Amino acid sequence: MSATAAGARPRSAGFRLTGTGLMLRFLLRRTWARLLVWPAVVVGMTAVVVAYYKSEFDTPEALAERAVLSNSAGMKAIFGHITPTGLGGGVWSEMWMFTAVMLAIGLIFLLTRTNRADEEHGRTELLLARPIATTSGLVASVAWLTLLCVVAAAGAAVVCGAYGLEWTGSWIMGASLGGVGLTGVAVAALANQLTVTSRDANGLALGILAVFYLLRTIGDLKGNALTWLSPIGWGERMDPWGDDRWWPLVLIVALWMVCITLAIGFQPRRDYGAGLVRSRPGPVGSAGFDTTEFGLTIRLNLGAAIAWVAGMALWGVLLGSTLTDMKDLAAQLAPLSGGTGLDAIIALWVRLTALVVAALVARHLLTLRSDEEHNLVEPRLAAAISRLRLVGTRLLYTGILTLIALAVAGAAMGIVYGTSVSAPEWVGKLTVASIAYLPSLAVIAGVAIAGYGWLPRLATTLTWTVVALAWIIAMVGDALRIPRRILDHLPFTSIQLPAGNPSTVTQIAITAIAVLLLAFGLWGFHRRGIPQ
Amino acid sequence: MSAADKAREKGVQVMSVPQSSGLAVEIHGLVKSYGATRALAGLDLMLPTGQVLGFLGPNGAGKTTTIRILLGLLRADSGVVRLLGGDPWRQGVALHRRLGYVPGDVALWPNLTGGQIIDLLGRATGGLEKARRAEMLDRFELDPSTRARAYSKGNRQKVALVAALASRAELLILDEPTSGLDPIMEARFTQAIRQARDEGRSVLLSSHIFSEVEKLADQVCIIRAGRTVEQGSLARMRHLTRIHVAATVDGDTAALAGLAGVHDFHADRGRLSFTADRQALGAILTTLGELDPRDLTASPPSLEELFLSHYTEQPGRSVTVAQR
C-alpha cells in the first residue's frame with residue numbers, strides 16, 4: 001500500500017485484517033492465563049467425573065439405576081437428556097450441561113473483557129489510531145476463543161477415550177461441549193456490537209444463553225421440538241455414546257458463522273464507542289434519598305436488581321414444575337446427595353438456587369472493586385462518606401437483594417410444586433429452605449470483602465474462584481471423593497433442607513466465620529490507601 | 001431544613017468556623033513510599049486560611065499523592081498533616097463536610113446525569129443552594145440532563161467544578177481543575193475562584209498552567225521529586241530572583257558586561273539583554289545610564305521561568321530556599 005493510499009484508507013465497510021497478527025499477539029500476552037484456565041477446567045472436570053464413574057459405578061446394575069435417575073423429568077430439565085445408559089451416559093448426565101454452560105459463560109465474559117470493556121474505557125482508541133483495521137481486535141478475540149473451544153473439546157474427548165470410553169462417543173462428547181462454548185463466543189460477539197457498556201454486553205449475552213437453556217429445558221421436559229430451537233439443545237442432541245450424531249455440530253458452526261459475520265460486518269459500520277442503543281437525556285438533578293449512599297446504590301443497580309429478582313422467580317417456577325413432573329418417580333429415586341427420594345432432589349434444587357444467588361452476592365460486592373478501579377470510590381470518600389458506610393451500604397444492599405432473591409425463588413418453587421400436590425405448606429417450607437442459605441452466602445460476601453480490604457487487585461479473581469469452588473463441590477463433590485462428614489460442615493453442602501435439618505452448631509460456626517471475614521476485610525479496608 | 005443549612009444559606013458558616021492555627025492546610029515533612037518507590041520525601045506545604053495556594057510540580061512529582069493524603073485516601077508514612085485543623089486520616093468524614101474536591105481525572109457514574117451527580121456530590125456539604133447551583137451551571141454552560149457517559153473530558157471536569165464551586169465548602173482542593181477546559185471556560189473558572197476567595201474560602205490549586213496560577217495564587221508551592229523546593233508568596237519569590245533587562249544603547253557595552261550582578265549577558269549591535277541581581281540594580285542602572293540607552297525594559301521573571309529555574313538546577317541545590 002502506497003503512502004497516499006494509506007493516508008486515504010477508507011474506514012467504511014469491508015473486511016480488513018490489517019494488524020490482526022499484532023492484535024493476536026497482544027491479546028495472548030494480556031490474557032494467556034485466562035485463556036489457559038478454561039480448557040484446564042473443562043478437561044480436569046471431565047477427568048475427575050470419568051474416573052469417579054469408572055470406579056464407583058462398576059456394575060451394569062449401578063449404571064442402570066443411575067440412568068433411571070437421569071431419565072427422571074427433573075434431571076432432564078436441569079441437566080439435559082441423552083439416550084445411552086452405560087458409563088458414557090452416566091458421565092454425560094453428571095457433568096455435560098454444567099460444564100458446557102459454565103464454559104459458555106466463561107467465554108462470554110472473556111470476549112467482553114477483550115472487546116467492549118476495552119472500548120468502553122477508551123483503551124482501544126490508542127490502538128485504532130495505528131494502522132490497524134477496526135475489526136482486527138474482534139477477529140483476534142474470536143480466533144483465540146474459538147481455538148480455546150477446540151482445545152477444550154479435544155482435551156475432554158481424549159480424556160474420555162483414554163479412560164476406555166468408546167472413541168466415537170468421546171469425540172462427539174468433546175465436540176458438543178466445545179460447540180456450546182462456541183455459542184457463547186458467537187452470542188457475545190454480537191452482544192458486544194449492540195450494547196455500549198461491557199456490563200450490558202455481558203447481560204445481553206447471558207440473557208440470550210438463558211433463553212437457549214430455557215428452550216431446551218421445556219423441550220426436554222415436554223419431549224417436543226423446542227429443544228431444537230436451542231444451540232444448547234443441538235449440543236445435547238449430538239447424543240454421545242448413544243446415537244452419536246455429528247450433524248447438529250453443523251447447526252452450531254452455522255450459527256457461529258452467522259453471528260461472527262454479523263459482528264464483523266457491523267463493527268466497521270458503527271462509530272467507535274457506539275452501539276445500537278443511544279443514551280437519552282435524564283433528570284436535571286436529584287434530591288433527598290437519591291443523593292444518599294444507599295439511594296445511589298439502589299439507583300445505580302435498579303435495572304440489575306429487577307432482572308435478578310425476575311430471573312430468580314422464573315428459575316423457581318422452572319424448578320418447581322420439574323418437581324411436579326417427578327413426584328411419581330419418587331419411589332425409584334436413588335440416593336443423590338444425602339437423604340433419599342424426592343426430598344433429596346428438592347434439597348438439591350434449593351441448593352442450586354442458593355449457588356446461583358452466590359453469583360449475585362459476588363457481582364454486587366465486587367462493584368466496590370470495579371468502582372475503585374474507575375476512580376468512583378474516591379469522590380464518595382472525598383464527599384464525607386466514611387469507609388465503613390461505603391462498604392456497609394453495599395453490604396446492606398446486597399444482603400437485602402440476596403434475601404429477596406432467595407425468598408422469591410423459594411416461594412415460586414413452593415407455589416408451583418405446592419399447587420400440584422395440593423400442599424400449600426410447601427410455599428413456606430421452600431422459602432425457609434432457601435433463606436437458610438444466608439449464612440453460606442455470607443461466607444461468599446466475607447471472602448469478597450476480605451479480598452477487597454487486603455488484596456484489592458486479587459479480590460475479583462479470588463471471589464469468583466471461591467464461587468466456582470462452591471459450585472464444583474456442590475455439583476460433583478461426590479465425584480471429588482470429599483467425605484460426607486466434611487461436606488456436612490461446608491457452606492452450601494451442609495444444608496439439606498427440606499430433606500433434613502442442618503446442624504445448628506455448624507450454621508452458627510459458618511455465620512461466625514462469615515462475620516470474622518467481613519470484620520477482617522473492613523479492618524483491611526480501613527488501613528489501606530485508595531486507590532490501589 | 002436544619003439550623004445548619006439555614007446558617008449556611010446566610011453565608012455565616014464560612015466565617016464562624018474557628019481556625020486556631022490560621023492555616024487551612026499544614027504539611028510538614030510528609031513521607032509516602034510505595035514499596036521501593038518514594039513518592040513523597042519530606043514535603044512541606046502551608047495554605048493560610050482565605051488564600052489561594054498554587055501547587056506546582058512536574059508530572060510524577062507527588063501532587064496527586066499529596067492531595068490524596070490530604071483527603072485521607074492514602075495514609076502518610078510519616079510527617080504532620082493538618083487539614084482544617086484536623087487529621088485527615090482519622091477525621092476524614094467530618095472534615096470532608098467542609099471541603100469541595102475536584103480530582104485531576106474526573107470519573108463519573110456513566111448512567112447518571114450531570115445534574116444528578118452534582119446533587120450527589122453537593123450533599124456532602126449539606127446540599128447545594130438552588131440559586132448558586134443554577135448560577136454555576138450557567139457560568140460553565142453545562143447541560144445537567146446529559147448522562148455522564150456522553151460527556152467529554154471538559155464537561156466531566158465541569159460537573160466536578162460546579163459541584164465544588166456551588167457549595168459553601170470553606171476549603172476547595174482542585175487537582176488540575178482546568179485540564180480539558182477551553183480558554184473561555186478557563187476565564188470563567190478564574191472568575192469563580194476569585195469569587196470563592198472573596199467569600200473567605202481557601203483554595204489549594206494544583207496546576208500546570210502558570211498564567212492561571214499567576215493570576216490567582218497568593219502563595220506558591222513548588223515541589224520536585226516529592227520534596228518542596230519553594231514555598232512563599234509569588235511577590236516574595238520574584239523578589240529573590242533576578243530581573244530581566246533589555247536595552248538598546250550606542251556606547252561600548254564592555255563595562256556593563258564586566259559589572260558585578262550582571263548575568264547571561266548578550267550584546268548584538270547595541271541591543272543588550274541580561275539578568276540583574278536586585279542588590280546590584282543601582283550600580284547597573286548608573287552604568288547603563290552612561291551608555292545613553294534609547295530603549296529600556298525591565299521585567300520580573302514569569303512564574304514559568306521561576307519554575308523552570310528550579311528544574312534546570314542540579315537536584316539538591318535550592319538557592320532560593322537557602323536564602324530565606
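A single member of A:Arg116, A:Arg123 is among the charged types (D, E, K, R) and surrounded by 24 or more Cβ atoms within 10 Å (Cβ to Cβ), and it is A:Arg116.
Right, B:Leu204: under 21 Å from B:Leu53 (Cα atoms) and either away from every other protein chain (no Cβ under 13 Å) or touching a residue at least 40 places away in the same chain (Cβ under 8 Å) (or both) or not?
Working: under 21 Å from B:Leu53 (Cα atoms): yes; either away from every other protein chain (no Cβ under 13 Å) or touching a residue at least 40 places away in the same chain (Cβ under 8 Å) (or both): yes.
Judged against the criteria, B:Leu204 is a match.
Of all residues in the stretch B:72-88, those satisfying the criterion of being within 11 Å of another protein chain (Cβ to nearest Cβ) and buried (at least 19 other Cβ atoms within 10 Å of the Cβ) are B:Gly72, B:Leu73, B:Leu74, B:Ala76, B:Pro88.
Please enumerate the residues belonging to the stretch B:93-145 that are under 18 Å from B:Leu70 (Cβ atoms), facing another protein chain (nearest Cβ under 7 Å) and either surrounded by fewer than 24 Cβ atoms within 10 Å (Cβ to Cβ) or out of contact with any strand residue (DSSP E or B) (no Cβ under 7 Å at 6 or more places or on another chain) (or both). Break it down stepwise before answering.
So the first thing to find is which residues in the stretch B:93-145 are under 18 Å from B:Leu70 (Cβ atoms), and the list is B:93-106, B:121, B:124-125.
Those left that are additionally facing another protein chain (nearest Cβ under 7 Å): B:93, B:96-97, B:101, B:103, B:105, B:121, B:124.
Answer for the stretch B:93-145, where residues must be under 18 Å from B:Leu70 (Cβ atoms), facing another protein chain (nearest Cβ under 7 Å) and either surrounded by fewer than 24 Cβ atoms within 10 Å (Cβ to Cβ) or out of contact with any strand residue (DSSP E or B) (no Cβ under 7 Å at 6 or more places or on another chain) (or both): B:Val93, B:His96, B:Arg97, B:Pro103, B:Asp105, B:Leu121, B:Ala124.
Is the stretch B:117-139 home to any residue that is in contact with a Leu (Cβ under 7 Å, 6 or more places away or on another chain) and part of a loop (DSSP other than H, G, I, E, B)? Within the stretch B:117-139, not a single residue is in contact with a Leu (Cβ under 7 Å, 6 or more places away or on another chain) and part of a loop (DSSP other than H, G, I, E, B).
Of all the numbered requirements in (1) of a type in the set (Gly, Ala, Ser); (2) surrounded by 19 or more Cβ atoms within 10 Å (Cβ to Cβ); (3) more than 10 Å from chain A (Cβ to nearest Cβ), B:Ala148 misses one, and that requirement is (3). With the structure loaded, tell me whether B:Ala187 is assigned by TED's automatic domain parsing to the domain that holds B:Asn59, free of Cβ contacts under 8 Å to residues at least 60 places away in the same chain and either within 20 Å of B:Glu170 (Cα to Cα) or in contact with a strand residue (DSSP E or B) (Cβ under 7 Å, 6 or more places away or on another chain) (or both) or whether it fails that test. So B:Ala187 fails the test. The residue that is nearest to the other protein chains (Cβ to nearest Cβ), counting only those in the stretch A:374-405 that are crowded, with 19+ Cβ neighbours inside 10 Å, under 27 Å from the mean Cα position of the chain (by Cα) and without any contact (Cβ under 8 Å) to a residue 60 or more places away in the chain, is A:Thr398.
Residues checked against (1) within 22 Å of A:Leu300 (Cβ to Cβ); (2) not hydrophobic (A, V, I, L, M, F, W, C):
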{"site": "B:Leu73", "(1), (2)": "yes, no"}
{"site": "B:Ala76", "(1), (2)": "no, no"}
{"site": "B:Gly79", "(1), (2)": "no, yes"}
{"site": "B:Pro88", "(1), (2)": "no, yes"}
{"site": "B:His96", "(1), (2)": "yes, yes"}
{"site": "B:Leu99", "(1), (2)": "no, no"}
{"site": "B:Gly114", "(1), (2)": "yes, yes"}
{"site": "B:Glu135", "(1), (2)": "no, yes"}
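Could you tell me which residue of the stretch A:504-532 is nearest to the other protein chains (Cβ to nearest Cβ), considering only residues that are surrounded by 14 or more Cβ atoms within 10 Å (Cβ to Cβ) and farther than 30 Å from B:Arg75 by Cα? It comes out as A:Thr511. Can you confirm whether B:Ala160 is facing another protein chain (nearest Cβ under 8 Å), modelled with pLDDT of 90 or more and either in a helix (DSSP H, G or I) or under 23 Å from A:Leu300 (Cα atoms) (or both)? Yes, satisfied.
For the stretch B:45-110, the strands (runs of 3 or more DSSP E) that sit wholly inside it and include 1 or more residues that are among the aliphatic types (A, V, I, L, M) and under 27 Å from A:Glu293 (Cβ atoms) are B:78-83, B:99-102. Checking each residue in the stretch A:305-323 for being surrounded by fewer than 18 Cβ atoms within 10 Å (Cβ to Cβ) and either at pLDDT below 85 or β-branched (Val, Ile, Thr) (or both) picks out A:Ile306, A:Val309, A:Val317.
The values are calculated or read from the model by the stated rules, or taken from the named source; none is laboratory data. On a predicted model such as this, the values are computed, not experimentally measured, just so you know. Glycine also receives a Cβ, built like all others from the backbone with ideal geometry; neighbour counts cover every protein chain displayed.
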